[in-house]
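Notes follow once the structure below has been shown.
Only the coordinates and a few stated rules stand behind these numbers; no lab work does. Predicted, not measured: the structure shown is a model, and the values here were computed from it. Positions of Cβ are backbone-derived with ideal geometry, glycine not excepted, and every protein chain shown enters the neighbour counts.
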Amino acid sequence: MAYNLLKGKKGIVFGALDDQSIAWKVAERCVEEGARITLTNAPVALRFGKIQALAEQLNSIVIPADATSVEDLENLIDESMAYLGGQLDFVLHAIGMSLNVRKGRAYTDIKYDWMQKTFDISALSFHKLMQTLYQKDAMSEEGSIVALTYIAAQRVFPDYNEMAESKALLESFARSFGYHYGKKKKVRVNTISQSPTWTTAGSGVKGFKTFFDYADTMSPLGNATAEECADYCAVMFSDLSKKVTMQNLFHDGGFSLMGINTAFFNETE
Ligand SMILES: NC(=O)c1ccc[n+]([C@@H]2O[C@H](COP(=O)([O-])OP(=O)(O)OC[C@H]3O[C@@H](n4cnc5c(N)ncnc54)[C@H](O)[C@@H]3O)[C@@H](O)[C@H]2O)c1
């Protein structure tokens with residue numbers, strides 16, 4: 001059901017690769033709620049992903065950008081404002097990639113040049129994006145910026161590897177930049193800490209099924225789906241959350257505050 005929450009709003013959605021991607025669902029939801037958007041992804045992802053089909057479905061365009069390149073980000077923002085006709089009301093950062101995870105390197109045997117690349121793609125890209133938006137004065141007053149994160153920033157999930165530090169850095173950038181953007185233009189910056197979700201990035205983590213099932217059983221509401229994450233993003237982009245900023249918002253069915261759940265012991269309550 002649509003509520004017209006984003007009627008007349010304009011935004012950029014990063015990270016839609018295929019129809020499993022959380023960003024794919026966010027893009028669909030934003031348009032359903034009345035927004036107009038541009039879509040973006042790394043040039044390499046455009047070749048093997050399905051983002052062009054999404055653009056056609058949503059009457060949108062795809063503007064390629066490697067999120068680690070400030071030049072690409074500048075071009076993306078310029079082209080998005082030209083296409084959408086003015087400043088942006090919301091931006092979704094949904095980017096994550098770890099070379100050490102992808103190549104199966106253990107946390108105790110990290111390749112540091114890969115680790116730096118991981119930080120650049122998964123965390124620095126968020127600062128680069130916000131700094132480029134800020135310097136171009138590309139966000140409208142009371143706009144909203146959201147990045148997706150995971151609870152491994154706070155707790156130890158051994159197989160999440162260097163992505164844990166990437167997410168800690170990402171969340172810190174949201175707090176620090178949220179201060180500056182709030183002072184300058186009342187722009188909100190938040191991270192949404194999402195449940196394990198079956199996507200290309202998610203299922204690339206070793207033992208993902210165990211992550212997923214454990215969180216699902218531990219959470220009183222069960223894991224949050226990608227569609228439910230899209231609903232939450234729409235609220236965060238809407239005018240209904242204007243004073244929420246610099247937060248890490250758990251969207252995890254209650255997982256983050258659980259200690260023990262009797263479901264693990266087959267006990268009835
Ligand atoms: N899937 C999960 O379990 C889960 C849980 C919590 C948070 N998240 C986060 O959600 C976000 C979206 O991931 P997803 O799970 O939908 O997986 P996904 O694989 O569908 O999306 C990751 C995206 O990052 C893009 N990307 C990688 N390198 C890039 C670059 N240099 N420039 C631009 N884009 C680049 C990929 O092309 C892809 O579209 C990520 O930040 C991820 O860490 C995922």
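Its Cα gyration tensor gives region 10-265 an equivalent ellipsoid. The semi-axes, each the square root of 5 times an eigenvalue, are 28, 20, 18 Å from largest down. Among 36, 188, the order by Cβ neighbours within 10 angstrom, fewest to most, reads 36, 188.
Are any of the pairs 136/167; 25/136; 9/167; 9/209; 50/103; 128/186 more than 30 Å apart by Cα-Cα distance, and if so, which?
9/209
For region 199-269 versus region 124-142, the inter-centroid distance based on Cα atoms is 28 Å. In region 213-269, the convex hull through the Cα atoms has an average projected area of 5.1 nm², a quarter of its surface area. Close amide H partners of residue 3, meaning residues 5 or more places away or on another chain with modelled amide H under 5 Å apart, do not exist here.
Calculate, in whole percent, how much of the Cα-Cα pair population of region 60-204 lies beyond 18 Å. Of all Cα-Cα pairs in region 60-204, 57 percent lie more than 18 Å apart.
Sorting 108, 199, 40, 68 by the number of Cβ atoms found within 10 Å of their own Cβ, with the fewest placed first, yields 108, 68, 199, 40. Calculated [222 nm] ellipticity per residue, helices only, for the chain: -12500 deg cm²/dmol; basis is -39500 (n - 2.57) per DSSP H run with n ≥ 4, divided by all residues, nearest 500. This ranking places 227, 71 by how few other beta-carbon atoms lie within 10 Å of each, fewest first, which gives 71, 227.
By definition, a body whose alpha carbon gyration tensor gives a ≥ b ≥ c is prolate when a/c is 1.5 or more and a/b is larger than b/c, and region 5-50 fits this prolate description.
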